[in-house]
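Below is one structure; the comments refer to it alone.
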Amino acid sequence: MPQHPSVSVIMPVLNEERHLRNSVQHILEQEYEGEMEVVIALGPSTDRTDEIAAELVHETAGNARARVHTVPNPTGRTPAALNAAIKASRHPVVVRVDGHGMLSPDYIATAVRLLEETGAHNVGGIMHAEGENDWEHAVAAAMTSKIGVGNAAFHTGGQAGPAETVYLGVFRREALERQGGYNEEFIRAQDWELNFRIRDAGGMIWFSPELKVQYRPRPSIRALAKQYKDYGRWRHVVARYHAGSINLRYLAPPTAVCAIAAGAVLGAAVTPWGLVVPAGYLAAIVAGSVPVGKGLPLKARAQIPVALATMHMSWGYGFLTSPRALAKKVIASRRPAVRPSADSASA
């Protein structure tokens with residue numbers, strides 16, 4: 001690649017009026033010398049997202065270095081939005097950013113350097129969760145702790161090196177086009193699934209703690225529960241679709257759900273000793289939340305066990321109840337969604 005290759009930033013957005021402008025501003029202010037474009041794929045939002053996106057397009061119309069434009073995503077589905085944005089973009093490096101993600105100032109420059117140094121097909125870093133109120137602070141603490149998410153480096157940090165998957169990602173365009181883009185049947189877990197295919201084809205995914213994206217957690221228990229139920233549901237689809245893609249970390253939440261449910265039923269119907277399992281789990285997350293919440297306000301610390309239980313139980317429940325019909329739909333959708341373009345082939 002040239003020293004400062006042109007970069008396409010793709011953003012799937014739906015009901016992101018709260019964070020969209022700030023997220024795009026973090027892109028436009030990147031400490032990067034190459035040309036950039038921002039392609040926002042607009043889902044059917046019910047808030048001011050489309051209006052804000054139109055304002056951003058207008059405000060950057062005269063910017064020769066970094067312009068914003070939009071494409072429609074009538075389905076509202078994230079993988080469809082990503083593929084639509086990839087098709088509408090034109091540069092050899094493709095950076096995925098969500099509408100509520102805030103890039104660190106040197107994110108793109110560092111990612112481009114790492115692509116060149118490592119030869120990786122996709123590089124990514126840490127999903128740095130940060131809250132704006134007590135509940136979000138609690139969720140952020142849970143999401144960046146090993147008791148919350150296990151040893152996932154893109155949540156908790158770690159050493160740079162090859163990885164199974166990374167948060168968001170900065171791709172060589174040819175890697176995306178070779179795989180036909182994202183599988184649009186994967187409503188969730190589309191990143192993990194795409195990275196699996198890239199690795200299976202001999203490509204490398206590279207994690208680096210140098211790359212950091214600020215992430216805003218879900219604003220309520222209900223929203224967090226739905227998010228993690230969907231994560232578990234679709235991670236099970238990945239496991240059915242790609243043999244050998246599961247490991248013990250992913251089996252921990254469904255195992256916990258089964259054990260707690262069995263203990264509760266046994267304790268209520270047979271013997272109080274059955275309650276040892278749910279009581280032990282509760283004691284474990286309460287104790288584990290103490291070091292996790294260090295430095296946070298008391299109200300935030302008090303809500304960390306709730307956030308942990310919501311994440312664990314919702315993920316496990318989603319995994320256990322994931323219908324087999326979803327995997328059949330995925331298998332039937334193997335056709336490529338993104339094809340090489342003339343512009344990218346000559347880039």
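Relative to its Kirkwood radius, the Cα radius of gyration of region 1-160 gives an Rg/Rh of 0.97. For Ile126, the residues 5 or more places off, or on other chains, whose built amide H falls under 5 Å of its own are Leu211, Lys212, Val213. About its Cα centre, the dipole of region 2-127 is roughly 360 debye, where the only charges are +1 on Lys and Arg Cβ and -1 on Asp and Glu Cβ. Taking each residue as 0.36 nm, the span from Thr156 to Thr255 lengthens on full extension beyond its C-alpha to C-alpha distance by 33.4 nm.
If you build a Gaussian network model of the chain, linking Cα atoms that sit under 10 Å apart, which residue out of Ala41, Ala61, Ala111 swings the most? The residue that fluctuates most here is Ala61. Relative contact order of the chain: 19 percent, from C-alpha pairs under 8 Å at least 6 residues apart in sequence.
The residue list His19, Val71, Met36 was ranked by how far each Cα lies along the charge dipole of region 1-93 toward its positive end, using unit charges on Cβ atoms, and Val71 comes out on top. Sequentially through region 163-168, phi angles give Karplus couplings (6.51, -1.76, 1.60; θ = phi - 60°) of 9, 5, 7, 9, 6, 6 Hz, Gly and Pro residues having no value and appearing as x. For region 98-207, the Cβ-based charge dipole about the Cα centre amounts to some 380 debye (Lys, Arg positive; Asp, Glu negative; other atoms uncharged). Close lysine pairs were tallied over the chain: pairs 8 or more places apart or on different chains with Cα atoms under 22 Å apart number 9. In this structure the amide hydrogen of Val71, modeled in the peptide plane, comes within under 5 Å of the amide hydrogens of Ile40, Ala41, Leu42, none closer than 5 places in sequence on its chain. Secondary-structure-derived ellipticity at 222 nm for the chain, considering helices only, amounts to -15500 deg cm²/dmol, per-run term -39500 (n - 2.57) for DSSP H runs with n ≥ 4. Taking 0.36 nm per residue of sequence separation and removing the Cα-Cα distance, the Thr118/Ile246 pair yields an extension gain of 43.5 nm. Computed in the context of the full set of protein chains, the accessible area of the chain at 1.4 Å probe radius has 57% of its extent on carbon or sulfur.
What percent does the relative contact order of region 120-212 come to when contacts are Cα pairs within less than 8 Å and at least six residues apart? After rounding, I find 44 percent. For region 90-224, the solvent-accessible area works out to 34 Å² per residue, with a probe of 1.4 Å and every protein chain left in place. Take 172-179, 131-138 and order them by the average number of nearby Cβ atoms within 10 Å per residue, most first; the result is 172-179, 131-138.
Close amide H contacts of His19 (hydrogens built in the peptide plane, cut-off under 5 Å, sequence separation of 5 or more or a different chain): none are found. Shown for the chain are the DSSP H helices of 20 Å or more along their axis, judged by Cα atoms, with a mean Kyte-Doolittle hydropathy of at least 0.0: 248-269, 276-292, 298-320.
The values are calculated or read from the model by the stated rules, or taken from the named source; none is laboratory data. Please read these numbers as outputs of a predicted model, since none were measured by experiment. Here the Cβ is made from the backbone with ideal geometry for all residues, glycine too, and neighbour counts use every protein chain on show. All accessible areas refer to the heavy atoms of the entire protein, side chains included, with ligands and DNA or RNA removed. Shrake-Rupley method; radii C 1.70, N 1.55, O 1.52, S 1.80 Å.
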